[in-house]
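So the structure is just underneath, and the comments pick up after that.
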Amino acid sequence: MVTDGLSEQEARKRCWYVDTKGLVVKSRNDLAEHKLPYAHDYEYLKDFLSAVKSLRPTVIIGASGQSKAFTQAVLEAMVSYNKRPIVFAMSNPTSKAECTAEEAYTWTDGRAIFASGSPFAPVTFKGKTYVPGQANNAYAFPGIGLGIIACEATSVTDEMFFVAAKALANAVSEDDLAQGRIYPSLTKIKEVSAAIATAVAEVAYSQGLARKPKPNDLPAYIRSQVYEPEYHGYV
């Protein structure tokens, strides 16, 4: 949001958090230090559904480790405020996910933009099959590491993670989106990793953080550094 023009303070105002005791607001005296920058001047609401109904968010992200936190009432509230509510049930393993893919699509009449930390099988609802995306760090970290190592970066910056996310988003095809998937297929992970590594290395070079001279063809060089698991027989 800051990159798109908001101040850091304005961006923080767009982010709301709910912990085990309810909405993170300034009136609470039990907040840990890391929560204070996101504590807003707002009424104290003790449960997640009340917070959703009051704030009307466009996105809900579950990182609670609490299964069924995204109840039918929560998802029905989300779809009443949003044409395409974004629902990320990120907790692992599958038994801890805030909701299942089937629940997300069924309780939003197929309108949810869904991703999860655990894998879920495709869901068929009202004759349409949805392929839920799995928000797995395998999409990003190998490429980030490759880019850093390939150019021998002296440090890792926030911008490197930002461009990695952008490169991953750019790898999503129209076919992926048509299936309801907001991540590329895992079968394309090598291609995605190379694109992320190239973007990360470009940042290192632009910020003067690379110790290795920049090659004339950076994408080709990055591809040459990709690990190829070739196993040769002993006989």
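Report yes if LEU168 is surrounded by fewer than 16 Cβ atoms within 10 Å (Cβ to Cβ), in a helix (DSSP H, G or I), within 19 Å of the chain's Cα centre (by Cα) and among the aliphatic types (A, V, I, L, M), otherwise no.
No: the conditions fail for LEU168.
Does GLU103 satisfy the condition of being of a type in the set (Asp, Glu), over 22 Å from GLY22 (Cβ atoms) and touching a residue at least 40 places away in the same chain (Cβ under 8 Å)? Show your work before the answer.
Numbers: of a type in the set (Asp, Glu): yes; over 22 Å from GLY22 (Cβ atoms): yes; touching a residue at least 40 places away in the same chain (Cβ under 8 Å): no.
So GLU103 does not fit the description; no.
Kindly indicate the residue of the stretch 183-235 that is in a loop (DSSP other than H, G, I, E, B) and of a type in the set (Val, Ile, Thr) and also nearest to MET160 (Cα to Cα) among those meeting that condition.
The selected residue is VAL226.
Among (1) touching a helix residue (DSSP H, G or I) at 6+ places or on another chain (Cβ under 7 Å); (2) under 25 Å from THR71 (Cα atoms), where does ALA51 come up short?
(1)
So that you can scan it fast, the table gives a plain yes or no per residue for (1) more than 26 Å from ALA165 (Cβ to Cβ); (2) at pLDDT below 95; (3) part of a helix (DSSP H, G or I); (4) touching a Gly at 6+ places or on another chain (Cβ under 8 Å):
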| residue | (1), (2), (3), (4) |
| --- | --- |
| THR3 | no, yes, no, no |
| LEU6 | no, no, no, no |
| GLN9 | no, yes, yes, no |
| ARG12 | no, yes, yes, no |
| TRP16 | no, no, no, no |
| ASP30 | yes, yes, no, no |
| TYR42 | yes, no, no, no |
| LEU45 | yes, no, no, yes |
| VAL52 | no, no, yes, no |
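Quick check: anything in the stretch 76-84 at pLDDT 95 or above, touching a Pro at 6+ places or on another chain (Cβ under 8 Å) and not aromatic (Phe, Trp, Tyr)?
Looking through the stretch 76-84, at least one residue is at pLDDT 95 or above, touching a Pro at 6+ places or on another chain (Cβ under 8 Å) and not aromatic (Phe, Trp, Tyr).
For the stretch 9-30, what are the residues that are free of Cβ contacts under 8 Å to residues at least 24 places away in the same chain, of a type in the set (Gly, Ala, Ser) and within 16 Å of LEU45 (Cβ to Cβ)?
The one that is free of Cβ contacts under 8 Å to residues at least 24 places away in the same chain, of a type in the set (Gly, Ala, Ser) and within 16 Å of LEU45 (Cβ to Cβ): SER27.
Name every residue in the stretch 54-100 that is among the small types (Gly, Ala, Ser), within 20 Å of the chain's Cα centre (by Cα) and either in a loop (DSSP other than H, G, I, E, B) or buried (at least 18 other Cβ atoms within 10 Å of the Cβ) (or both), in order of residue number.
Listed by number, the residues that qualify are GLY62, ALA63, SER64, GLY65, SER67, ALA69, ALA89, SER91, ALA97.
Would you pick out the residues in the stretch 59-102 that are within 13 Å of PHE48 (Cβ to Cβ) and of a type in the set (D, E, K, R)?
The answer is LYS68, GLU98.
The values are calculated or read from the model by the stated rules, or taken from the named source; none is laboratory data. These numbers were taken from a predicted model, which means no experiment stands behind them. So basically every Cβ, Gly included, is an ideal-geometry build from the backbone, and we count neighbours across all protein chains shown.
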